[in-house]
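Read the structure below first, then the notes.
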Amino acid sequence: MEVAFRSAAEAKNRRDELVRLIRYHSDLYYNGDAPVISDYEYDMMFEELKTIERTFPELDSPDSPTHRVGGAASEKFEKVRHAVPLGSLTDVFDEDSLLAFVTRVTDQLLEAGYPREQIKFTVEPKIDGLSVALTYEGGRLTLGATRGDGQVGENVTENVLQIPSIPRALPEKLDLVVRGEVYMPRENFEKMNGIKEAAGEKLWANPRNAAAGSLRRLHSAGDALRALDIFVFNYQTGDLWEDGHAPTTHSETIDKIGKLGFPNIGIAALTGDGDEIIRAVRSIGEERDGLPYDIDGAVVKVDSLEMRRTLGEGTSTPKWAVAFKFPPEQKKTKLVDVEIQVGRTGVLTPTAILEPVRLAGTTVSRATLHNIDIIRSRDVRIGDTVIVQKAGDIIPEIIGSVPSERTGSERLFSFPERCPSCGEKLVRDDLDEEDGEDAEGGAVRCINPLCPAQRERRIVHFASRDAMNVEGMGPAVVKLLIDEGYVGDVADIYALRAEQIASLPRMGDKSAQNLIDAIERSKEAGPARLLYAFGIRHTGESASEAVIAEFGGITPLFDKTAEDIMRVRDMGEVTSSKIVEFFSLPETRELVDRLRSYGVVTDLSEEEIARREAARNAVGALSGSTFVLTGTLSSMTRDEASAKIEERGGKVTGSVSKKTSYVVAGESPGSKLTKAEALGVTVLNETEFLALLGE
């Protein structure tokens, strides 16, 4: 990869941007198990950073991501220092680079005096999963640890013991450590996602996320862990033979590992010939789609353990191995039809209905088309052969059509004149990024507030985690409740009875009671979350917090003008007018009255208002500091934490920005933690937060 900059200052700016982006996406991948870009996109950023640091050595630093491995060990688990570091591999992305590696290593070994016929490389598929080290003492499994940063990982022994294919005891009483990749087979991934969908839970994006998310959960569900598998691919340290025999080659250790009962993926080729290595890598790539598990490349290693020691290790990667990374998987399939989905704000989104195709670990039959302008710019027609890939290995999207395969029967797509849900006339308005429309085109919208499709999505939003946080009330459950006539609007949620919920498909008495309990808890979410839950256009979490902080609750908003609301910090004309428009509707007053009658907190108490006012006027130890809270604190509720901050002169907001002073992260923090780390905002754990409070 080549880079060209007009000055060292320009290179430094790009280097700093890449460091920030890589740290952000690395945290999502390794620690959050929730990547939002593809491995290929991440790898390209990493390669660009390495190239800049080679070209401008003064920009390299010890804390660069290029000198680190993986992610940090989570505070949720006991930390474990690895007996042998669990390093990563240098990546190559084309056959020329792979051949260059083979040639360079071969020449170095020839110079060191090794005969050419003894210089051999192994070629193995690269499993896309979560790397772990397994420690056995006297032949019994005593420790399972994640890779973490390569030096220190997480003790996940209790979870590892539930994975059926990992031996608890070996046929020989050996003391050894082996390294493997935990993964979820595609068939199990489909089954587990089906269970999650039926329960209204968020689906895993792909098998790798499913494996990492299951293994790195405290008190993880046994079903998810039993759906995992492992391939052991390396002997780390200890005795593989009871007689103390010392292995001489990697291929010998893999053979012995298999005889001990460890699943291993095997060696596809053992050769010293570069052309044979290329053919083996190509063969692995051609077999990729037919495998029952996901792979993202091939690993090429020097076979001789003595030669590996001669070649040595780099800063964070060995000099005797590389990973050949496959490009993002793309497939051809037929665009059968285009369906229209109506969002909670009335925006119509076209969704492609595809002939099912296996792609990046899942079967894809639907893909987003964003809007009419993207459809036109990519020249996509109903009946076309289209090329599909997954954005970020997660969201299926059509990247283009194949005009050469058209038969003449294909037809252009156009939006209907009327809403497919309610039949009202549609309008086209300006793009609204906050509503989620794509930046390449305008939006077609249904403006009927009684539209059934909008109703369903409004209820889903109302119950979502960042709104009223009704755990267990996902899209599938909401649809069932609507179809059964139990819920017609958001207020009906609070009239639900356990027996109604238990009567739904795949919902038993326990699930029903859990949902009723979650609904009851949501009544105390507070007026700021309630305002956000209403789904008023342009009114996000931060705006909702600011408005409630200013006016004290939902009730005062019925009498406010746009000018009143515009006086609130950071409130613009458009957002203010939308809030006034919403609260001017008779239906809104009726809705709020019903929510209040069910016990939903709609306004701050007089005591709370007085306390906040006093806090605003106080000059305390935290004066001028802005806090964001995420996750669950063990010593206090979030409201109590907010009160303590405000009593000391600080301010609590709902979203993270560069102006945020501290993010307080409790158990199971959300995306706010990731954003804080990406922006370089100081993150406090609960102990540090209590110390800052003086407690």
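The values are calculated or read from the model by the stated rules, or taken from the named source; none is laboratory data. What you see is a predicted model; the values in this text were computed from it and never measured. Cβ placement follows ideal geometry from the backbone for every residue including glycine, while neighbour counts extend to all protein chains displayed.
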Worksheet entry | Single match in Leu354, Leu311, Leu291 (criterion: more than 26 Å from Arg428 (Cα to Cα), touching a Lys or Arg at 6+ places or on another chain (Cβ under 6 Å) and not basic (Lys, Arg)) | Leu311
Discussion item. Among the residues that make up segment 256-271, is at least one of them assigned to a helix (DSSP H, G or I), in contact with a strand residue (DSSP E or B) (Cβ under 8 Å, 6 or more places away or on another chain) and of a type outside the set (D, E, K, R)?
Written reply: yes
Practice prompt. Inspect all residues belonging to segment 155-168 and state whether any of them is of a type outside the set (A, V, I, L, M, F, W, C), more than 22 Å from Ala280 (Cα to Cα) and in a strand (DSSP E or B).
Written response: yes
Worksheet item: Out of segment 98-122, which residues are under 41 Å from the mean Cα position of the chain (by Cα) and surrounded by 14 or more Cβ atoms within 10 Å (Cβ to Cβ)?
Response: Leu98, Leu99, Ala100, Phe101, Val102, Val105, Thr106, Lys120, Phe121, Thr122
Discussion item. Looking at segment 1-29, I want the residues that are at pLDDT 65 or above and outside any helix (DSSP H, G or I) and have a partner that is crowded, with 19+ Cβ neighbours inside 10 Å and of a type outside the set (Ser, Thr, Tyr) with Cβ atoms under 8 Å, at least 6 apart or on another chain. Which pairs are those?
Written reply: Phe5/Ala11
Item to complete: Say whether the condition of being in the same structural domain as Val300 (by TED's automatic domain parsing), surrounded by fewer than 18 Cβ atoms within 10 Å (Cβ to Cβ) and not in a loop (DSSP other than H, G, I, E, B) is met by at least one residue in segment 208-225.
Response: yes
Discussion item. If Glu306 meets every condition in (1) within 22 Å of Leu359 (Cα to Cα); (2) out of contact with any strand residue (DSSP E or B) (no Cβ under 7 Å at 6 or more places or on another chain) apart from one, which number is that one?
Written reply: (1)
Item to complete: Return the pairs, sorted by first residue and then second, in which the second residue is among the polar types (S, T, N, Q), the first residue lies in segment 468-479 and is in contact (Cβ under 8 Å) with a residue 60 or more places away in the chain, the beta carbons are less than 7 Å apart, and the residues are 6+ apart or on different chains.
Response: Met468/Ser522; Asn469/Ser522; Gly472/Asn514
Worksheet, complete the sentence: Reported set for segment 445-463 where residues are out of contact with any helix residue (DSSP H, G or I) (no Cβ under 8 Å at 6 or more places or on another chain), outside any helix (DSSP H, G or I) and touching a residue at least 40 places away in the same chain (Cβ under 8 Å) is Arg445, Ile447, Cys451
Practice prompt. Test Glu640 against the stated conditions and say whether it is of a type outside the set (S, T, N, Q) and closer than 19 Å to Gly526 by Cβ.
Written response: yes
Worksheet item: In segment 566-600, what residues are hydrophobic (A, V, I, L, M, F, W, C), closer than 15 Å to Ser544 by Cα and touching a residue at least 40 places away in the same chain (Cβ under 8 Å)?
Response: Ile579, Phe582
